[in-house]
Amino acid sequence: MADSAVSIPLGEGNGGLPPRANLTVGAFVAIASGALSFTLGLGPFVWLSITGFLSLVAISAWSLAVEGRRRARDRVMTVLVFEVFALAMAPLASLIYTVVSEGLARFDGEFLTSSMRGILADGGGAFHAAAGTFVITAVATLGAVPVGVLAAIYLVEYGNGRLKRAITFFVDVMMGIPSIVAGLFAFALFALFFGPGIRLGVMGSVALMVLMIPIVIRATEEMLRVVPDSLREASYALGVPKWLTILKVVLPTALAGIVTGVMLAIARVIGETAPLLITTGSIDSTNLNPFDGRMANLPVFVYQEYKFPGVPPEAYIERAWAGALLLIVMVMALFLTARLIARRYGVEIRR
Amino acid sequence: MSGTNGYRRLGDRAFAGLATGAGVLILIVLAGVAAFLISEAAPAFVAPASDLPDGESLARYVWPLVFGTVLSATIAILIAVPMAIAVALFTSHLAPRPIALSVSYLTDLLAAIPSIIYGIWGIAVLGPASVPATQWLADHLGFIPLFEGPASTTGRTMLVAGMVLALMILPIISAVAREVFSQTPKGLQESALALGATRWEMIRMVVLPFGRSAVVAGSMLGLGRALGETMAVTIILSVSGVITFDLISSENPSTIAANIALQFPESSGLDLNVLIATGLVLFAITLAVNIAARTVIGRREAAGGR
């Protein structure tokens, strides 16, 4: 991470500002402008903006007076980068706070266990959608993981020449396919055989597969590459054929990393809305068969409830937020488990 | 040839074939995406103009959508790139080490949040919060076409959509930039410091030039994502199909992806083919952007930059 070269800062002893001057100024300005905003009745938004601006002015003035122009610019840029970083993280905090606080209103037993079947306004839940998301994502994972892992094995262990270069290049290209285009592809594929009215859970899975495969390939490739060649050579020296070496030596060594990569890939596609909107359709009751008709899922559920509420709208909006909360909990769980596995087995995640 | 040898040969060949097959499948899938989209879009290209949604021509139909797509992605890039560079620098060079790790977790988390949730957050929180600011812009800077107004009272504007898109692509750009910033040769950095450069001067003269092409490539990847992002725009904008540079009014152009998401569930017949044709256009645009980005990265790697 931050293994940059260490610069020796100027300190009080050698003609600079005292240590932690940036922090001290920031805190001082924050308190002062906080008091000001409070007396003038300004909101926290204005307070933080004032703090950000005034700390820059204060630190540059102080540093300019004591340390000179170059040191002052250094301090200003350091503080500015920190402030921009904080500005970038603020929406994340706001988003999580909003989803949790709005979502908790309907995040109850009924929401988790019942579907929307026969629900006109109040009540109902997202069981059908959560179950659908589970089925669709599971089918997509079952399809994407073998293909992705095998393709990565080809790239790392077997590939050479033009074909390898072409596949590497097109995996990168595939990474950039917009999710809605993946959805259109799945639709076009099935529409060609079953007519344009077709909506199936498995169509959503196909779309998600297109999005997942390149992520799985990339992660697996990365992990196979860090398996030391000495392990492979030791295995060959014992007379083990190449394919068994890969299956029994290389893959087990890289397993934790591959599992991490797959979980992050699932976390990435589980919230995809656009491709599912045009392939799985939406339905109010629980359908667990991906090959039989429309299938509800969480992202589309959230979208429908929020964008097209009935009367009274509050019930629909509340369900949308509760659905969003459930979705975020699922993503976070996948994300954190992946991180835990990575840390437990010392996997270095490079993205 | 002994029996075990034959078994080995067979196993090796079968496994190699399987792996190669999976690799080739990638090419087939990608070719399939293009082929199926083209075959389903074809009726829209050959249909008589009078049958098309606006009764004119396909190009007329697609043009405002392309405009909206490019406009929203441009706003997103303009906001996201400077912020992403700052975030990347913060993690790679400025943050104290224990903080740097959790900070990179946070940026990854930003990338993992589903787009639909960004969308409803944008319309419920960011939109209303932007109203006073856009009102001020319309009042005081209204002479600039971008802020001509009248300012929307709901915050469902192009500017807000662009800001939400910026948030979504920020982690992509900063991940690429962070990676390269932290690979800047130590020797160069230490030489700069030894010559008396301050930390910022070292960053400006060594780290940023070293990472420039990576930032360009990362930005293009982000651009590709912003062009194809659907749900945030679909849910935030109330679209009216106009072509305008006015970012803060309630009349907004739609984007290709958002238009597909909005129209698709209610469409049938030729309308579906037209939507798929617009999807093909989007596919072509993002493909071009991504190939350009990969070429930049590839050139870097070929030059031994990593």
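The values are calculated or read from the model by the stated rules, or taken from the named source; none is laboratory data. Everything quoted here is computed from the prediction, not taken from an experiment. Methodologically, a virtual Cβ is constructed for each residue, glycine included, from the backbone with ideal geometry; neighbour enumeration extends over all protein chains shown.
Quick check, is residue B:55 more than 8 Å from chain A (Cβ to nearest Cβ), at pLDDT below 85 and either buried (at least 18 other Cβ atoms within 10 Å of the Cβ) or not in a helix (DSSP H, G or I) (or both)? Steps first, answer last, please.
Numbers: more than 8 Å from chain A (Cβ to nearest Cβ): yes; at pLDDT below 85: yes; either buried (at least 18 other Cβ atoms within 10 Å of the Cβ) or not in a helix (DSSP H, G or I) (or both): yes.
The answer is yes for residue B:55.
Show me the helices (runs of 4 or more DSSP H) found entirely inside the range A:220-271 where at least 2 residues are within 30 Å of residue A:300 (Cα to Cα).
Numbers: elements: A:229-237, A:242-245, A:251-270.
In the range A:220-271, A:251-270 are the helices (runs of 4 or more DSSP H) which contain 2 or more residues that are within 30 Å of residue A:300 (Cα to Cα).
Can you tell me which residue within the range B:195-206, out of those that are of a type in the set (Val, Ile, Thr) and closer than 15 Å to residue A:75 by Cα, is nearest to the other protein chains (Cβ to nearest Cβ)? Walk me through how you get there before you give the answer.
To start, the set of residues in the range B:195-206 that are of a type in the set (Val, Ile, Thr) comprises B:198, B:203, B:206.
Remaining after also requiring closer than 15 Å to residue A:75 by Cα: B:198, B:203.
Values: B:198: 4, B:203: 8 Å.
Per the criteria, the residue is B:198.
Of all the helices (runs of 4 or more DSSP H) wholly in the range B:104-183, which have at least 2 residues that are at pLDDT 90 or above and assigned by TED's automatic domain parsing to the domain that holds residue B:79? Step through it out loud before you land on a result.
Values: elements: B:115-121, B:127-140, B:158-181.
It comes to B:115-121, B:158-181.
Output the residues belonging to the range A:261-270 that are facing chain B (nearest Cβ under 10 Å) and aliphatic (A, V, I, L, M). Before you say what the answer is, go through the steps one by one.
Initial filter on the range A:261-270 (facing chain B (nearest Cβ under 10 Å)): A:264, A:267-270.
Those that are facing chain B (nearest Cβ under 10 Å) and aliphatic (A, V, I, L, M): A:264, A:267, A:269, A:270.
Using the structure shown, decide if residue A:86 is farther than 18 Å from residue B:96 by Cα, touching a helix residue (DSSP H, G or I) at 6+ places or on another chain (Cβ under 9 Å) and outside any loop (DSSP other than H, G, I, E, B).
Details: farther than 18 Å from residue B:96 by Cα: no; touching a helix residue (DSSP H, G or I) at 6+ places or on another chain (Cβ under 9 Å): yes; outside any loop (DSSP other than H, G, I, E, B): yes.
When the stated conditions are applied, residue A:86 does not pass them.
Scan (1) at the interface with another protein chain (Cβ under 10 Å from one of its Cβ atoms); (2) surrounded by fewer than 23 Cβ atoms within 10 Å (Cβ to Cβ); (3) of a type in the set (A, V, I, L, M, F, W, C); (4) in contact (Cβ under 8 Å) with a residue 40 or more places away in the chain for the single condition residue B:192 breaks and write down its number.
If we test residue B:192 against (1) at the interface with another protein chain (Cβ under 10 Å from one of its Cβ atoms); (2) surrounded by fewer than 23 Cβ atoms within 10 Å (Cβ to Cβ); (3) of a type in the set (A, V, I, L, M, F, W, C); (4) in contact (Cβ under 8 Å) with a residue 40 or more places away in the chain, just (4) comes out false.
Tally up the residues in the range B:75-113 that are free of Cβ contacts under 8 Å to residues at least 60 places away in the same chain and closer than 30 Å to residue A:305 by Cα, please.
So the answer is 4.
Considering only residues that are within 21 Å of residue B:128 (Cβ to Cβ) and without any contact (Cβ under 8 Å) to a residue 60 or more places away in the chain, which ones fall in the range B:219-257?
Taking the range B:219-257 and keeping what is within 21 Å of residue B:128 (Cβ to Cβ), we get B:231-240, B:246-252.
Residues satisfying the conditions are B:240, B:251.
Residues to consider are A:280, A:273; find the one that is more than 8 Å from every other protein chain (Cβ to nearest Cβ) and of a type in the set (Val, Ile, Thr). I'd like the intermediate steps shown before the answer.
Details: A:273 fails: more than 8 Å from every other protein chain (Cβ to nearest Cβ).
Just one listed residue meets the conditions, A:280.
Answer yes or no: is there a residue in the range A:219-227 that is within 30 Å of residue A:287 (Cβ to Cβ) and either among the hydrophobic types (A, V, I, L, M, F, W, C) or within 12 Å of another protein chain (Cβ to nearest Cβ) (or both). Reasoning before the result, please.
Step one: of the range A:219-227, the residues within 30 Å of residue A:287 (Cβ to Cβ) are none.
No, every residue in the range A:219-227 fails to be within 30 Å of residue A:287 (Cβ to Cβ) and either among the hydrophobic types (A, V, I, L, M, F, W, C) or within 12 Å of another protein chain (Cβ to nearest Cβ) (or both).
Being within 24 Å of the chain's Cα centre (by Cα) and outside any helix (DSSP H, G or I) is the filter here; which residues of the range A:89-118 pass it? Spell out how you get there, then give the answer.
In the first step, residues of the range A:89-118 are kept if they are within 24 Å of the chain's Cα centre (by Cα); the result is A:89-104, A:107, A:112.
A:107 - this is the single residue of the range A:89-118 that is within 24 Å of the chain's Cα centre (by Cα) and outside any helix (DSSP H, G or I).
If I filter the range A:35-61 down to residues being in a helix (DSSP H, G or I) and not hydrophobic (A, V, I, L, M, F, W, C), which single residue comes out as modelled with the lowest pLDDT?
We begin by selecting, within the range A:35-61, every residue in a helix (DSSP H, G or I); these are A:35-40, A:44-61.
Now drop any that are not not hydrophobic (A, V, I, L, M, F, W, C), which leaves A:37, A:39, A:44, A:49, A:51-52, A:55, A:60.
Values: A:37: 76, A:39: 79, A:44: 72, A:49: 79, A:51: 81, A:52: 81, A:55: 83, A:60: 82.
Applying the filter and picking the extreme gives A:44.
Can you say whether residue B:290 is farther than 18 Å from residue A:174 by Cα and not aromatic (Phe, Trp, Tyr), as far as the supplied structure shows?
Numbers: farther than 18 Å from residue A:174 by Cα: no; not aromatic (Phe, Trp, Tyr): yes.
No; evaluated as a whole, the condition is false for this residue.
Where residues in the range A:315-346 are small (Gly, Ala, Ser) and surrounded by fewer than 22 Cβ atoms within 10 Å (Cβ to Cβ), which of them is modelled with the lowest pLDDT?
So in the range A:315-346, the residues small (Gly, Ala, Ser) come out as A:315, A:320, A:322-324, A:333, A:338, A:342, A:346.
Within this subset, residues satisfying the condition of being surrounded by fewer than 22 Cβ atoms within 10 Å (Cβ to Cβ) are A:315, A:333, A:342, A:346.
On the way: A:315: 86, A:333: 91, A:342: 83, A:346: 70.
Ranking the candidates gives A:346 first.
Pick from the range B:122-148 the residues that are in contact with a Leu (Cβ under 8 Å, 6 or more places away or on another chain) and in contact (Cβ under 8 Å) with a residue 12 or more places away in the chain: which of them is farthest from the other protein chains (Cβ to nearest Cβ)? Lay out the reasoning, then the answer.
So in the range B:122-148, the residues in contact with a Leu (Cβ under 8 Å, 6 or more places away or on another chain) come out as B:125, B:130, B:134, B:146-147.
Adding the requirement that they be in contact (Cβ under 8 Å) with a residue 12 or more places away in the chain leaves B:130, B:134, B:146-147.
Values: B:130: 11, B:134: 15, B:146: 21, B:147: 19 Å.
Looking at residues that are in contact with a Leu (Cβ under 8 Å, 6 or more places away or on another chain) and in contact (Cβ under 8 Å) with a residue 12 or more places away in the chain, I get B:146.
Report the residue count in the range A:165-209 for those that are assigned to a helix (DSSP H, G or I), more than 8 Å from chain B (Cβ to nearest Cβ) and without any contact (Cβ under 8 Å) to a residue 12 or more places away in the chain.
Within the range A:165-209, residues that are assigned to a helix (DSSP H, G or I), more than 8 Å from chain B (Cβ to nearest Cβ) and without any contact (Cβ under 8 Å) to a residue 12 or more places away in the chain number 3.
If a residue must be buried (at least 19 other Cβ atoms within 10 Å of the Cβ) and either of a type in the set (Gly, Ala, Ser) or more than 25 Å from residue A:178 (Cα to Cα) (or both), how many such residues does the range A:288-314 contain?
Total satisfying the criteria: 1.
Could you count how many residues in the range A:52-102 are closer than 30 Å to residue A:121 by Cα and either within 10 Å of another protein chain (Cβ to nearest Cβ) or exposed (fewer than 15 other Cβ atoms within 10 Å of the Cβ) (or both)?
Of the residues in that region, 8 qualify.
If you go through the range A:158-171, how many residues are more than 12 Å from residue A:217 (Cβ to Cβ) and touching a Ser or Thr at 6+ places or on another chain (Cβ under 9 Å)?
2
Name the residues in the range A:197-254 that are charged (D, E, K, R) and under 30 Å from the mean Cα position of the chain (by Cα), would you? Before you say what the answer is, go through the steps one by one.
Quick first cut of the range A:197-254, residues charged (D, E, K, R) only: A:199, A:218, A:221-222, A:225, A:229, A:232-233, A:242, A:248.
Selection gives A:199, A:218, A:221, A:222, A:225.
Consider the range A:132-164. How many of its residues are of a type in the set (A, V, I, L, M, F, W, C), within 11 Å of another protein chain (Cβ to nearest Cβ) and either surrounded by fewer than 18 Cβ atoms within 10 Å (Cβ to Cβ) or not in a helix (DSSP H, G or I) (or both)?
So the count comes out to 1.
Can you name every residue in the range B:150-179 that is in contact with a Lys or Arg (Cβ under 8 Å, 6 or more places away or on another chain) and either buried (at least 21 other Cβ atoms within 10 Å of the Cβ) or among the aliphatic types (A, V, I, L, M) (or both)?
Applying the first criterion (in contact with a Lys or Arg (Cβ under 8 Å, 6 or more places away or on another chain)) to the range B:150-179 yields B:168-169, B:172, B:175, B:179.
Across the range B:150-179, the qualifying residues are B:168, B:169, B:172, B:175.
Kindly list, by first and then second residue, each pair from a residue in the range A:259-286 that is free of Cβ contacts under 8 Å to residues at least 24 places away in the same chain to a residue that is surrounded by fewer than 23 Cβ atoms within 10 Å (Cβ to Cβ) and part of a helix (DSSP H, G or I), limited to pairs with Cβ atoms under 9 Å and residues at least 6 apart or on different chains.
A:282/A:304; A:282/B:265
Output the residues belonging to the range B:216-257 that are crowded, with 20+ Cβ neighbours inside 10 Å, more than 14 Å from the chain's Cα centre (by Cα) and in a loop (DSSP other than H, G, I, E, B).
Scanning the range B:216-257 gives B:237, B:246, B:247, B:248, B:249, B:253, B:254.
Could you please let me know if residue B:87 is part of a helix (DSSP H, G or I), at pLDDT below 90 and touching a helix residue (DSSP H, G or I) at 6+ places or on another chain (Cβ under 7 Å)?
Details: part of a helix (DSSP H, G or I): yes; at pLDDT below 90: no; touching a helix residue (DSSP H, G or I) at 6+ places or on another chain (Cβ under 7 Å): yes.
When the stated conditions are applied, residue B:87 does not pass them.
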